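In what follows, a single structure is set out as structure tokens and then discussed.
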Amino acid sequence: MKLGQLAALTSVSLLLASPSYAATEIEWWHAMGGNLGEKVNEIAEKFNASQSDYVVKPVYKGNYTETMTGAVAAFRAKQQPEIVQVFEVGTATMMGAKGAIYPVYQLMEDTKTEFDPSAYLASVTGYYTDSDGNMLSMPFNSSTPVLYYNKDLFAKAGVEPPKTWEEMDAVADKLLANGAKCGFTTGWQSWTQIENFGARHNAPIATANNGFDSTDAKLLINDKIFVDHIAQLAEWQKDGTFKYGGRRSDSAPLFYSGECAMYINSSASYAGIKGNVKDFEFGVSPLPYYSSKIKTPQNSIIGGATLWVLQGHDKKDYDGVAKFFKFMSSAENQADWHQFTGYLPITHAAYDLSKKQGFYNENPGTDVAIVQMTSVEPTPASKGIRLGNFVQIRDVINEELENVWSGEASAQDAMDKAVKRGNVLLAKFAKANK
């Protein structure tokens with residue numbers, strides 16, 4: 001080979017190996033730690049191996065609040081990722097971030113990527129759509145609360161899981177008389193005992209259809225139905241029927257250890273319970289409801305998070321994001337994520353595939369959340385919640401509920417204060433988003 005030909009060939013080789021031919025990197029900030037974080041990495045690795053044009057890089061940024069606030073700060077500094085995972089209570093805040101968000105429906109349309117919104121569960125997507133029904137973010141890890149119970153303690157006491165709150169007294173009495181130290185505990189108390197309690201009883205927690213119709217919303221959680229329930233929980237705490245264990249999932253060890261016979265928390269707690277419960281069998285049951293308040297309970301509402309796309313990147317980045325969203329929404333990938341984690345299957349196809357694979361028959365109770373979410377048509381009060389500054393409002397609710405559990409405040413006083421303080425935060429959000 002002549003020297004000139006060799007030089008030309010070397011130049012071409014160097015050009016092909018240059019960064020301009022490297023795969024486009026897509027950064028995905030998320031809040032999934034532990035086993036869930038490993039599963040997130042696995043999803044990204046599968047996508048990266050399926051093609052050579054894009055590389056999705058998951059980055060764990062702490063809990064939901066830390067991830068969301070970190071993304072906001074990064075956007076202001078023009079160092080934002082392409083994708084950020086945001087929990088459901090951050091929806092109104094993300095919608096209010098004008099110019100920062102690239103709506104998913106628009107992304108899929110602009111990139112000409114195949115996308116059928118009707119393929120997703122309406123009970124999930126309704127939370128994340130605008131008034132015209134357009135999907136703003138991509139559903140990922142959606143969950144809803146259920147009731148877990150200790151089958152061994154229930155068999156010993158000769159009782160069945162309470163379908164209603166009215167049944168809780170008698171069931172707990174028998175459990176306590178037969179060795180249980182606590183009837184039930186709960187995780188994420190605002191989500192399970194206020195927000196989902198309202199949805200199940202078709203009672204709005206705020207005006208303007210829980211904030212869907214307007215940012216000028218006011219809280220309603222000091223209405224009688226909520227106050228009566230909190231007062232009942234306070235009474236139950238005195239005799240061991242109920243035991244408070246913390247704001248998030250801090251109460252899980254009370255169930256793992258066998259101390260509390262029941263545990264109300266996310267359907268996505270299934271994997272954690274299965275991995276931590278060693279000494280007894282557990283089951284899954286729907287959330288209780290007051291039969292004196294509603295004949296047929298409404299659907300519960302979702303928790304978890306969705307994936308939001310942030311503005312400020314190149315077109316090729318967004319082409320990759322769209323392809324990644326299509327990849328992760330496949331029936332196979334969603335069924336695998338659902339079966340591993342306990343989060344809801346976000347598509348009809350993933351649910352059907354899980355049934356076909358025999359997952360629900362082999363893991364009794366894992367379909368309770370899906371049935372609870374889809375057995376009735378959502379109403380404005382059970383569609384979801386879209387309130388600004390709701391991350392901070394949840395903190396307010398937690399503080400006031402803790403005053404009830406400690407005996408420092410009555411249920412009425414605590415809920416009145418929560419409404420007053422929460423409405424100040426809602427007014428601030430409304431003013432900033434006029």
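Quick notes on this one:
- Hits in segment 404-430 (condition: crowded, with 16+ Cβ neighbours inside 10 Å and either free of Cβ contacts under 8 Å to residues at least 12 places away in the same chain or not in a helix (DSSP H, G or I) (or both)): ALA409, ALA427
- Residue in segment 256-270 that is of a type in the set (A, V, I, L, M), out of contact with any strand residue (DSSP E or B) (no Cβ under 7 Å at 6 or more places or on another chain) and crowded, with 24+ Cβ neighbours inside 10 Å present: no
- The criterion of at least 1 residues that are in contact (Cβ under 8 Å) with a residue 60 or more places away in the chain and open to solvent by less than 40 Å² (accessible area, probe 1.4 Å) is met, among helices (runs of 4 or more DSSP H) falling completely within segment 285-385, by 315-328, 331-341, 368-374.
- Within segment 206-247, tally of residues that are in a loop (DSSP other than H, G, I, E, B), of a type in the set (Gly, Ala, Ser) and touching a helix residue (DSSP H, G or I) at 6+ places or on another chain (Cβ under 8 Å): 5
- Check on PRO139, open to solvent by less than 20 Å² (accessible area, probe 1.4 Å) and in a loop (DSSP other than H, G, I, E, B): no
- Among the residues listed as LYS78, LYS46, the single one being open to solvent by 60 Å² or more (accessible area, probe 1.4 Å), of a type in the set (Lys, Arg), at pLDDT 95 or above and not in a helix (DSSP H, G or I): LYS78
- Here VAL56 fits the description: in a strand (DSSP E or B), modelled with pLDDT of 95 or more and over 24 Å from ASN196 (Cα atoms).
- Among the residues of segment 261-281, those identified as farther than 12 Å from LYS151 by Cα and among the hydrophobic types (A, V, I, L, M, F, W, C) are ILE264, ALA268, ALA271, ILE273.
- Checked against the criterion of being of a type in the set (Phe, Trp, Tyr), assigned to a strand (DSSP E or B) and either open to solvent by 20 Å² or more (accessible area, probe 1.4 Å) or touching a Gly at 6+ places or on another chain (Cβ under 7 Å) (or both), segment 127-135 has no qualifying residue.
- Within segment 98-126, tally of residues that are in a helix (DSSP H, G or I) and not small (Gly, Ala, Ser): 10
- Every residue from segment 143-159 that is open to solvent by 10 Å² or more (accessible area, probe 1.4 Å) and aromatic (Phe, Trp, Tyr): TYR149
- Where a residue in segment 86-110 is more than 11 Å from PHE390 (Cα to Cα) and free of Cβ contacts under 8 Å to residues at least 40 places away in the same chain and its partner, wherever it lies, is part of a helix (DSSP H, G or I) and open to solvent by 10 Å² or more (accessible area, probe 1.4 Å), with Cβ under 9 Å and at least six apart: ALA97/VAL72; ALA97/PHE75; TYR105/PRO117
- If the condition is being part of a loop (DSSP other than H, G, I, E, B) and either open to solvent by less than 60 Å² (accessible area, probe 1.4 Å) or in contact (Cβ under 8 Å) with a residue 40 or more places away in the chain (or both), then segment 160-170 contributes PRO161, PRO162, LYS163, TRP165, GLU166, GLU167.
The values are calculated or read from the model by the stated rules, or taken from the named source; none is laboratory data. In this text the structure is predicted, and so the values were computed from the model without any measurement. Every residue, glycine as well, gets a Cβ built from its backbone with ideal geometry; the counts of neighbours run over all protein chains shown. The accessibility values were calculated without ligands, DNA or RNA, using every heavy atom of the protein model including side chains. Shrake-Rupley method; radii C 1.70, N 1.55, O 1.52, S 1.80 Å.
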